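Note sheet for the following structure.
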Amino acid sequence: MKKIKTLEELEQFRKEIQAQRDPKKTVISICAGTGCLALGSKKIAGAIKEEIQSQGLSLKVELSAIKETGCPGFCERGPIVVIYPEGTCYLGVTVEDVPEIVSKTIANNEIIERLVYKDPDTKERVVKDSEIPFYKKQQRYLLGKNNFIDSKSIEDYIRLGGYSALAKALSAMKPDEVIQEVIDADLRGRGGGGFPAGWKWHSTRNAEGDPKYVICNADEGDPGAFMDRALLEGNPHSVLEGMIIGAYAIGSRDGYIYVRNEYPLAVTNATLALDQAREFGLLGENILGSGFGFDIKIMRGGGAFVCGESSALFASLEGRSGEPRAKYIHATDKGLWDKPTSLNNVETWANVPLIINKGAKWYNGIGTEGSKGTKIFSLVGKISNTGLVEVPMGITLREIIYDIGGGVPGGKKFKAVQTGGPSGGCIPAKHLDTPVDFDELTKLGSMMGSGGMIVMDENNCMVDVANYFLKFLEEESCGKCTPCREGILQMRKILDLITSGEGKEEDLDTLEWMGQAIIDGSLCALGGSAPNPVITTMRYFRDEYEAHIRDKKCPAGVCKALIKFSIDPENCTGCHLCARICPVEAATGEKKEIHTIDDDICIKCRACYEVCKFDAIKIM
Amino acid sequence: MVTLTMDGRKIEAPEGATLLKAANSANIEIPQLCSNEELEHYGACRLCVVEITHKNRTRIVASCIYEVAEGLEVNTRSERVLNVRKLVIELLLARNPRHPSLLKIAEDLGVKKSRFEAEIKGCILCGQCIRTCREVVGVSAIGYEGRGINKRVATPFEESPPDCIACGSCHFVCPVDVIPMKEKDGVRNIWKTDFPLQKCESCGRYFAPVKQLEYFREQYNLPPEQFSKCTHCR
Ligand SMILES: Cc1cc2nc3c(=O)[nH]c(=O)nc-3n(C[C@H](O)[C@H](O)[C@H](O)COP(=O)(O)O)c2cc1C
Ligand code: FES
């Protein structure tokens with residue numbers, strides 16, 4: 001490929017590759033995101049290629065039309081294979097299904113009933129991907145292209161209009177106009193703080209100092225979150241394009257992508273994308289003949305949650321240990337190497353081409369008063385449809401959890417949803433109709449964070465949940481400042497006592513007092529938000545705390561020291577399953593007779609509870 | 001000079017001064033454990049926090065780092081501030097329940113005892129030893145090991161510190177006296193390592209670690225006979 005030197009050449013190239021593809025011809029998308037890869041999607045892709053050859057269909061389906069794509073989000077039901085142009089969506093595909101998929105669906109457009117989506121409640125079948133309830137309420141401006149793009153192909157990205165926003169910015173907009181467009185779009189940072197991206201760029205552009213840096217934060221350390229990963233793995237060019245536009249607007253020549261160390265596929269795909277962009281002349285000197293030059297380096301993260309915090313990230317990039325620095329000067333004035341720096345999250349960058357292409361007016365038509373555009377959430381926990389969902393700001397929690405997520409499985413009752421990552425807050429059922437945006441979540445004592453959403457049901461003990469998050473943060477605290485290092489530890493010790501039945505009445509006041517002082521006193525936002533899970537669970541589930549402290553009971557039946565397992569003679573059939581699974585022989589009994597559990601021996605491992613088919617094991 | 005209000009009083013301070021320094025000059029006492037004028041800003045102990053109001057926004061900042069600004073309103077003893085300080089000193093007392101300087105700060109804050117069970121570590125991780133060694137002495141003989149609650153000050157690989165010149169700066173700067181240093185029979189022991197002392201050619205007194213004198217000669221390109229005598233006999 002020779003360098004694309006002008007805008008016209010880019011459009012010419014786009015036309016050529018678009019012409020090579022007849023939109024009526026078959027395209028097969030096989031998800032090669034991390035989730036589906038783990039379930040064997042690479043083998044499935046290989047098998048499909050072989051089958052197409054051996055069944056003599058190579059003319060109908062070219063090799064380049066068999067795409068290993070980024071994650072389309074519905075990880076719960078992977079591996080996912082979608083056959084276009086029909087959009088026939090097969091879920092939970094195995095290598096054994098491949099011959100049939102090729103002979104029936106690809107050769108003859110016949111649907112394989114067992115592989116299509118069936119609504120768990122209505123049993124209604126849905127063939128087209130866009131009709132599946134999981135996707136129906138989503139607006140997938142960022143993730144949607146993942147289905148159509150081979151994550152290792154720049155041609156695929158360009159075919160779908162890629163780099164046209166960059167061309168537009170370079171040819172028709174002055175840097176200030178680009179910034180104004182992003183300000184008008186009201187794009188707020190997706191990495192946690194929600195700071196207006198356009199204003200950040202504005203400050204960086206106007207700051208004194210040279211060079212200026214543009215950085216993409218791909219450290220994504222929240223447990224269970226993988227939206228940045230899906231974007232960087234699945235559609236790396238959308239992130240690059242956003243960064244190049246940002247660099248042009250700010251007046252930067254040097255960019256970095258700081259990628260979490262545990263994301264090898266993201267590193268591979270982003271590195272490849274950078275090489276391709278350089279080869280095509282979209283990075284480097286004189287991009288598209290504009291005279292503007294910019295390049296990006298990839299750096300691997302320091303391996304700690306706190307490295308995603310801006311000052312720690314800079315320290316890590318500078319080769320020092322990833323520890324936050326206390327300073328009251330903005331990174332836009334003194335960031336990386338004390339030079340003006342714009343640090344933005346992966347998803348923030350990926351929004352930029354969209355805004356430039358479609359305009360601020362279009363963009364800020366989506367969302368709420370204070371939060372515009374869409375947000376990707378990673379929906380996990382006690383939810384039927386685990387996965388990534390991209391929704392317009394302002395959608396309610398209920399719509400996300402029930403309409404898209406399919407609700408809580410197993411007929412259990414919803415209890416809370418934790419938003420905002422480990423230091424977010426737990427929101428109870430009575431607030432399910434809250435519109436999801438930066439400000440509303442903050443009002444509830446939680447936060448948007450980077451978009452984690454963990455659903456909990458009646459079997460989750462909220463004291464235990466708070467303790468779990470605190471333990472995570474205790475381990476991730478860098479240890480530099482006293483309130484975070486020592487304060488989280490002491491809060492966690494109090495929760496340990498409460499969950500083991502040794503809590504005292506005054507503990508609740510102590511926790512509340514400590515929580516506020518840790519938030520006020522900590523050096524960085526890790527400590528500054530760490531008490532949130534405790535504060536919100538005390539606010540919304542105080543009765544559970546009180547039950548642990550006063551009655552020495554765990555209402556959800558989780559805290560081992562406070563529960564007893566017993567067998568309900570009414571329900572026990574003497575099937576002996578409990579006795580067989582019990583690792584310590586606490587559950588005993590003759591076959592076909594009522595069994596018993598010896599509480600002195602029982603280690604509360606729950607194995608009998610999980611295995612009993614007759615609801616005979618009771619937790620008290 | 002800029003003018004600001006501190007605890008209701010109008011005070012003046014030179015531009016670039018920290019709030020802590022401005023407070024000290026105005027005889028307003030703010031407790032602190034990790035700030036040191038010879039060292040770069042650190043802001044880790046969080047005892048020195050104050051509440052500031054600027055353009056109608058109120059927040060808590062570390063006074064040892066935050067710089068004075070025209071029209072700033074500072075409250076060094078608001079309830080939120082005192083709560084942070086009380087928590088910090090109680091947390092530090094759990095690491096070191098007995099050191100007089102910590103007990104004095106506690107007393108001033110009206111804290112009688114820590115509500116947290118003591119798990120004695122001695123060191124309060126103010127980092128002054130490490131920073132002095134690196135920034136003032138210029139050798140980085142000691143550093144941090146581990147992180148979070150397991151963070152501690154240590155020599156590389158827990159062995160005798162190869163770069164240490166036994167100058168004792170870490171020992172002297174420690175606000176809670178947990179870096180022991182002893183001298184006996186012409187030998188200084190610090191970081192569990194023996195360092196021979198130089199004997200004065202004239203009076204025969206041991207006056208400084210040999211390694212430290214070597215380090216100085218190297219640093220300033222001094223002749224080998226420099227420092228053969230103690231300061232009295234020179
Ligand atoms: C402990 C901690 C961890 C963070 N981790 C991340 C992260 O993994 N990714 C991210 O984009 N931002 C993270 N942030 C937020 C960043 O500090 C910063 O606000 C963000 O990258 C700015 O980009 P944005 O304005 O586009 O959101 C973290 C913040 C804290 C306090
Ligand atoms: S003296 Fe300011 S934080 Fe320690």
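The values are calculated or read from the model by the stated rules, or taken from the named source; none is laboratory data. All values derive from a computational prediction rather than experimental measurement. Quick reminder, even Gly has a Cβ in these numbers, built from the backbone with ideal geometry, and neighbours come from all protein chains shown. With ligands, DNA and RNA removed, areas are computed over all heavy atoms of the protein, side chains included. Shrake-Rupley method; radii C 1.70, N 1.55, O 1.52, S 1.80 Å.
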Between B:K112 and A:K297, the two model label points (7 Å from Cα along the beta-carbon direction) sit apart by a distance in nm of 5.9
Note: B vs A interface, total accessible area buried (1.4 Å probe; ligands, DNA, RNA excluded), nearest 100 Å², is 2600
Measuring from its Cα centre, chain A shows a charge dipole (+1 at each Lys and Arg Cβ, -1 at each Asp and Glu Cβ) which, in debye to the nearest 20, is 980
Amide H neighbours of A:I298 at under 5 Å, excluding residues fewer than 5 places away on the same chain, with H built from the backbone geometry, are A:I257
Quick note, the stretch A:238-348: a/c under 1.5 would make it rounded; otherwise a/b > b/c is prolate and the rest oblate (a ≥ b ≥ c, C-alpha gyration tensor); here it is oblate
Of B:F157, A:F195, A:F13, A:F314, ordered by accessible area with the largest first and a 1.4 Å probe, the sequence is B:F157, A:F195, A:F13, A:F314
Across all Cα atoms of the stretch A:441-495, Rg and the largest Cα-Cα distance (Dmax), in Å, are 13.0, 38
Along the dipole axis of the stretch A:152-264 (charges at Cβ: +1 for Lys and Arg, -1 for Asp and Glu; origin at the Cα centre), the most positive-end residue among A:I215, A:A165, A:A197 is A:A165
For the A:E369, A:M620 Cβ pair and Förster radius 41 Å, calculated FRET efficiency rounded to 0.05 is 0.25
Note on the stretch A:162-364: contact order normalised by length, alpha-carbon pairs under 8 Å, 6 or more apart, percent, works out to 33
Spelling it out for A:G394: with amide H atoms placed in the peptide plane at 1.01 Å from N, the residues 5 or more places away or on another chain with amide H under 5 Å from its amide H are A:V436, A:D437
Per-residue ellipticity at 222 nm attributable to helices in the protein assembly as shown (runs of n ≥ 4 DSSP H, -39500 (n - 2.57) apiece, nearest 500 deg cm²/dmol) works out to -9000 deg cm²/dmol
Note on the stretch A:1-85: contact order normalised by length, alpha-carbon pairs under 8 Å, 6 or more apart, percent, works out to 45
Heads up, the protein assembly as shown by the C-alpha gyration tensor (a ≥ b ≥ c square roots of eigenvalues; a/c under 1.5 rounded, else a/b over b/c prolate, else oblate) looks oblate
Ordered by number, the residues of the stretch B:37-58 that have at least 40 Å² less accessible area in the complete protein assembly than on their own chain alone (1.4 Å probe) are B:Y42, B:A44, B:R46
Per principal axis, largest first, the Cα atoms of the stretch A:40-79 extend in Å by 33, 16, 12
Computed over chain A, the relative contact order (Cα-Cα under 8 Å, seq sep at least six) in percent reads 11
What one gets for the stretch A:162-364 as the Kirkwood radius, inverse of mean 1/r over different Cα pairs in Å, is 16.5
Karplus-derived 3J(HN,Hα) from phi for the stretch A:324-333 (6.51 cos²θ - 1.76 cosθ + 1.60, θ = phi - 60°), whole Hz, x at Gly and Pro, runs x, 10, 7, 7, 10, 10, 5, 4, 5, 9
Ordering A:M393, A:M620 by the accessible surface of their heavy atoms, 1.4 Å probe, largest first, yields A:M620, A:M393
Along principal axes, largest first, the alpha-carbon spread of the stretch A:285-344 in whole Å comes out as 41, 26, 17
Given unit charges at Cβ for Lys, Arg (+) and Asp, Glu (-), the dipole magnitude of the stretch A:305-403 about its Cα centre in debye, nearest 20, is 120
Over 32 Å (Cα to Cα) among B:K21/B:K184; A:K212/A:K375; A:K415/A:K613; A:K25/A:K152; A:K174/A:K375; A:K375/A:K604 -> B:K21/B:K184; A:K375/A:K604
On each of the three principal axes the extent of the alpha-carbon atoms of the stretch B:137-234, given in whole Å and largest first, is 50, 28, 23
Per the C-alpha gyration tensor (a ≥ b ≥ c, the square roots of its eigenvalues), the stretch B:2-109 is rounded if a/c is under 1.5, else prolate if a/b beats b/c, else oblate; here it's prolate
What one gets for the stretch A:564-619 as the Kirkwood radius, inverse of mean 1/r over different Cα pairs in Å, is 10.6
In the stretch B:128-227 the accessible area split gives carbon plus sulfur, as whole percent at 1.4 Å, a share of 50
SASA check, A:I535, accessible area w/ 1.4 Å probe, all protein chains in place, rounded to nearest 10 Å², comes out at 50
In chain A the accessible area split gives carbon plus sulfur, as whole percent at 1.4 Å, a share of 51
Sorted by chain and then number, the residues having a modelled amide H within less than 5 Å of the amide H of B:C34, at least 5 places away or on another chain, are B:C45
Between A:T6 and A:R320, the FRET efficiency computed from the C-beta separation at R0 = 45 Å comes out, to the nearest 0.05, as 0.60
With label points set 7 Å from each Cα along the Cα-to-Cβ direction at A:E50 and A:S171, the distance between them in nm comes to 4.7
Over all directions, the stretch A:374-457 yields a Cα convex hull whose mean projected area in nm² is 4.4
In the stretch A:508-544, the residues losing 20 Å² or more of accessible area (1.4 Å probe, heavy atoms of protein chains only) relative to their chain alone are A:T510, A:W513, A:M514, A:A517, A:D520, A:G521, A:L523
Between the residues A:I355, B:A44, B:A22, the Cα farthest towards the positive end of the dipole of the protein assembly as shown, that dipole coming from +1 and -1 charges on the beta-carbon of Lys, Arg, Asp and Glu, is from B:A22
Note to self: with every protein chain in place and a 1.4 Å probe, the protein assembly as shown gives an accessible area per residue in Å² of 43
Taking N as the residue count of the stretch A:334-382, its alpha carbon Rg divided by 2.2 N^0.38 Å gives 1.54
SASA check, B:D177, accessible area w/ 1.4 Å probe, all protein chains in place, rounded to nearest 10 Å², comes out at 110
Measuring from its Cα centre, the stretch A:153-231 shows a charge dipole (+1 at each Lys and Arg Cβ, -1 at each Asp and Glu Cβ) which, in debye to the nearest 20, is 100
From most to least accessible, 1.4 Å probe, no ligand or DNA/RNA atoms counted, A:R114, A:R229 line up as A:R114, A:R229
Between the residues A:G479, A:G302, A:A277, the Cα farthest towards the positive end of the dipole of chain A, that dipole coming from +1 and -1 charges on the beta-carbon of Lys, Arg, Asp and Glu, is from A:A277
